[in-house]
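Enquirer: Before I ask anything, let me first share the structure, which is written out below as structure tokens.
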Amino acid sequence: MAVLIVMDWAGNTKANYDEIVARMGVQGAPAEGIFLHVAAPTPAGMRIVEVWEDLEGFEIFVREQLLPTAKAAGVTTQPEYTATAVVNFFTPTLDRLQKLAGSFAA
């Protein structure tokens, strides 16, 4: 069952986030099971919202890729997240969404 992940990462700056994403290479080769990733700065750090195929895949990604990469990048804090079952997923302007996503690609 698809899950919505809302992750808050206190103390993680946009520069930290950019380095972690670059080190993992996920924009060019996304992790298996991820459908959507959106990130934005908050006053406390970064907020990341994702949709995953299932919670297990997300947790494996966090444990095996995200946290080790963040540690290697010098990030000392860890994210807190909530996971909720997705009951609807609607993309009325998928073509525009793909264009927007492409504008962030490295």
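Enquirer: Output the residues belonging to the range 16-50 that are out of contact with any Phe, Trp or Tyr (no Cβ under 8 Å at 6 or more places or on another chain), assigned to a loop (DSSP other than H, G, I, E, B) and surrounded by 15 or more Cβ atoms within 10 Å (Cβ to Cβ).
Expert: V26
Enquirer: State the number of residues belonging to the range 51-106 that are part of a helix (DSSP H, G or I) and not hydroxyl-bearing (S, T, Y).
Expert: Residues flagged as part of a helix (DSSP H, G or I) and not hydroxyl-bearing (S, T, Y) within the range 51-106 amount to 26.
Enquirer: With the requirement that a residue be modelled with pLDDT of 95 or more and closer than 19 Å to A39 by Cα, what does the range 77-93 give you?
Expert: Within the range 77-93, P79, E80, Y81, T82, A83, T84, V86 meet the criteria.
Enquirer: On to the next question. Please find, among V6, V26, V38, the residue that is among the hydrophobic types (A, V, I, L, M, F, W, C) and in contact (Cβ under 8 Å) with a residue 60 or more places away in the chain.
Expert: V6
Enquirer: Taking into account only those residues within the range 51-106 that are polar (S, T, N, Q) and under 15 Å from Y17 (Cβ atoms), which is surrounded by the most Cβ atoms within 10 Å (Cβ to Cβ)?
Expert: T69
Enquirer: State whether one or more residues within the range 56-76 are modelled with pLDDT of 95 or more and hydroxyl-bearing (S, T, Y).
Expert: yes
The values are calculated or read from the model by the stated rules, or taken from the named source; none is laboratory data. These numbers were taken from a predicted model, which means no experiment stands behind them. When we count neighbours, we look across all protein chains shown, and the Cβ atoms used for this are built from the backbone with ideal geometry, even at glycine.
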